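A quick write-up on the structure given underneath.
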DNA sequence: CCTACCGATCGGTAGG
DNA sequence: CCTACCGATCGGTAGG
């Protein structure tokens, strides 16, 4: 995949007419005043998006600072002009992704009142978020495996906070008595959040997939008590952090 | 990220004095006759189990040969007395895990004939496999992110082969017409295979969780055609590898 | 199974 | 934003 950058020349040698393997610069070659300029926020945004894509695809540890830098058209060390550390970079990307996702899901739900309609809207929006390979809102939320333990704690807290959004929706659902709402919510979120790992382009669109998920997760209460929800949304539910 | 192995150092140079910081040995210090002994199969088995646990917990790339070796009580280089390469090690572990899982699921299903009962038995067994932190049958089957591309192809082929087992079960299910069987199977397998990432000890046992999953995924066909399966197991289904 | 090493690559920094 | 580097760590090997 990558096989460039061997470096370690003994001195300022420059005898090579063109060193074979240094990152390809993207215009702005040898920009002279770069060091004097204040950190460009747009440039930083570009970097965050590039990093988000790589983190989402390869995970934390398997994504190198140098790879991110190269795709941004700069040397590895230069990235630290824009970021503080790899860990801080990951946390920032993760936080922004979840904030954006929460905003979008809330907005999608707002236009419906019926419980199942609200759930379907939320699911469709989540799939749109997870499967649209665009900007920061990418599926980083489940790539925790190789993240340092200290960072992981921060991410999990943020994710739990996001998932609370779905607790409200699920609690309002008229589900059959036999179904545990916590399990129901965990399973549904797991499918939505890891959609990129099981969805394959073609055959079905994202909204068709959402419909299919709903077809599986939708359960009508038995006819004899169809309009009396077994367990209305409890107002006391602002608890639990683990799972 | 990519396999290198070109190497071949220029010559026997050996001028450095000493290197600091070596792993703590676990007994059997300086065993003298180790090099003469034939590769011990039991020892190898130990190593496979240790590696399986680490791979399952941290993923391929984030698990180092030296960490595996240290937990096995030897130096990093010594591991190559038992294995050929890290890649080959991972593939072997993965293959064994899937073979063992397939055997167990088949056996669990065999004692039932009714479609839903067979599915429930398969799900319970899968959860048992994925959540019981024991031997080689561990959840490595979804930790592909940081695996080299060439290796990944091998793993995916094996996994698809394993998942065909579930195609038979799902095809035999009397599902409502609106539900797509391929999606149904993919979603169910995703939940089962990643169980370790969402299941948390306590509150519910593994079999209770299996019951909950079944409660969600079980759909009775409408009463007017309840005993006429819409789509019996098709004998021509030995296709598809992607998705 | 160990010692001692190789070349590659990692995150990060100094100084410009 | 680059050059040139650091110490650490990686997978793997030679030779015993």
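We did not get these values from a lab; they are worked out from the coordinates using the rules stated. Not measured: the values here are computed from a predicted model. So basically every Cβ, Gly included, is an ideal-geometry build from the backbone, and we count neighbours across all protein chains shown.
On a per residue basis, the convex hull of the C-alpha atoms belonging to segment A:41-86 measures out at 60 Å³. Evaluated at q = 0.21, 0.26 Å⁻¹, the base-10 log of the normalised Debye intensity for segment A:85-156, with identical point scatterers placed on the Cα atoms, takes the values -0.88, -1.11.
By the count of other C-beta atoms within 10 Å, a proxy for reagent exposure, B:113, B:197 are ordered fewest to most as B:113, B:197. Size descriptors for segment A:74-198, from the alpha-carbon set: Rg then Dmax equal 16.5, 59 Å. State the Cα centre-to-centre distance between segment A:155-210 and segment B:169-206 in whole Å. If you average the Cα positions of each part, the centres end up 13 Å apart. Roughly how far apart, in whole Å, are the Cα centres of segment B:82-112 and segment A:79-154? Cα centroid of segment B:82-112 versus Cα centroid of segment A:79-154: 34 Å apart. The fraction of all Cα pairs in segment A:148-205 landing in successive 5 Å bins from 0 to the largest distance is 4, 15, 19, 18, 17, 15, 9, 4, 0, given as whole percents. With its label point put 7 Å out from Cα toward Cβ, residue A:149 sits 3.6 nm from the same residue's point in the other copies, in order from shortest. Averaged over the residues of peptide B:204-214, the number of Cβ atoms from other protein chains lying within 10 Å of each residue's Cβ is 2.
Going by neighbour counts of Cβ atoms within 10 Å, the residues A:131, A:98 line up, fewest first, as A:131, A:98.
Sorting B:151, A:156 by the number of Cβ atoms found within 10 Å of their own Cβ, with the fewest placed first, yields A:156, B:151.
Just so you know, the Rg over Rh for segment A:115-178 is 1.06, from Cα atoms, with Rh as the Kirkwood radius. For residue A:200, the distances from its label point to the matching points in the remaining copies are 3.4 nm, ordered from shortest, with each point set 7 Å beyond Cα toward Cβ. In nanometers and ordered shortest first, the copy-to-copy spacing of the residue A:114 label point, defined 7 Å from Cα toward Cβ, is 3.3.
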